[in-house]
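What follows is one structure encoded as structure tokens, with my remarks underneath.
The values are calculated or read from the model by the stated rules, or taken from the named source; none is laboratory data. Quantities reported herein were computed from a predicted structural model and do not represent experimental measurements. Don't worry about glycine lacking a Cβ; one is built from the backbone with ideal geometry, like all the others, and counts go over all protein chains shown.
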Amino acid sequence: MIPRAEPPSSGDLVPPFDRKSTVVVVSAAVLGILFFHLGSQPTYLRHLAASFVLWRDPVFTAGLYTFASAFVLLGLIPALIVKLVFREPLSAYGVRLGDLSFGWKAFVVVAPVMALLSLMASRMPDFLAVYPLNRAAGAGPLAFAGHALAYLAFYAGWEFGFRGFVQFGLREEIGDWNAILVQTAVSAAFHVGKPFGETLGAVLGGLVWGVIAFRSRSLLVPILTHWVLGLSLDLFIVCR
């Protein structure tokens, strides 16, 4: 005789949840939304340009403001959550050199592919309408050098936020591959509104960088190759 299933108790109506995973997902979503609404160049130009300008150049300052916002909201604040709330070392989230013997090989393979993709994108009108994010990057060699350094901070924040905080933060609860899939979905979603090719490519990029991050146990290669992608695109555009 087949036993009859018992109806769920009131306690079963709300599924159990993991505190750490909940904090990771909710805080990543909120911080990402804050970045795209408060860290954008239009926000700076509308509300801050009248009172805060670097080198008397509001366009250049707007670009730096966006990069700094990404570093703080996507990188620094999640890092503080890891240290102060989870009480875990940042090295557990990819902030270390990791497996360099694998890392340099991955960089040698991935970086040229990123540069080639950037060369192709630099000829497309929809990319030309958006990039460089800092529209003053092409003012001269010194301006581009400052842009390059600030852009590295942008990608450090971006990679820690998605590949570090989300992906490494969820792996214990849902497993490595599912953690890669979740961060890929989230990071790709935050590309909506960008050129179609970039938004679609963010899915493949999320998978590739996610696998590299876990395999190398580090965010170093994802940060550097993502930086190569963005910076080479800007270089090709301003050189034209």
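Regarding Val24, is this residue within 25 Å of Ala148 (Cα to Cα), modelled with pLDDT of 90 or more and not small (Gly, Ala, Ser)?
No.
For the range 211-228, does any single residue satisfy the condition of being more than 17 Å from Gly103 (Cα to Cα), surrounded by fewer than 24 Cβ atoms within 10 Å (Cβ to Cβ), modelled with pLDDT of 95 or more and within 13 Å of the chain's Cα centre (by Cα)?
Checked the range 211-228: no residue is more than 17 Å from Gly103 (Cα to Cα), surrounded by fewer than 24 Cβ atoms within 10 Å (Cβ to Cβ), modelled with pLDDT of 95 or more and within 13 Å of the chain's Cα centre (by Cα).
If a residue counts only when it is in contact (Cβ under 8 Å) with a residue 60 or more places away in the chain and either more than 20 Å from Arg19 (Cα to Cα) or among the small types (Gly, Ala, Ser) (or both), which helices (runs of 4 or more DSSP H) contained entirely in the range 155-220 have at least 3 such residues?
By residue number, 196-216.
Assuming Val108 fulfils every condition listed in (1) in a helix (DSSP H, G or I); (2) surrounded by 13 or more Cβ atoms within 10 Å (Cβ to Cβ); (3) out of contact with any helix residue (DSSP H, G or I) (no Cβ under 7 Å at 6 or more places or on another chain) apart from one, which condition is it?
(2)
Name the residue that is nearest to Phe71 (Cα to Cα), counting only residues in the range 157-173 that are out of contact with any Pro (no Cβ under 6 Å at 6 or more places or on another chain) and either of a type in the set (Lys, Arg) or surrounded by fewer than 24 Cβ atoms within 10 Å (Cβ to Cβ) (or both).
Within the range 157-173, the match that is nearest to Phe71 (Cα to Cα) is Leu170.
With respect to the numbered conditions (1) surrounded by 14 or more Cβ atoms within 10 Å (Cβ to Cβ); (2) at pLDDT below 95; (3) among the hydrophobic types (A, V, I, L, M, F, W, C); (4) within 16 Å of Phe236 (Cβ to Cβ), which one is the sole condition not fulfilled by Ala129?
Condition (1) is where Ala129 drops out.
State all residues of the range 132-145 that are surrounded by 19 or more Cβ atoms within 10 Å (Cβ to Cβ) and assigned to a helix (DSSP H, G or I); if no residue qualifies, say none.
Ala137, Phe144
Can you tell me which condition Ala5 does not meet? The list is (1) at pLDDT 90 or above; (2) outside any helix (DSSP H, G or I); (3) loosely packed, with under 13 Cβ neighbours inside 10 Å; (4) not β-branched (Val, Ile, Thr), and all the others hold.
(1)
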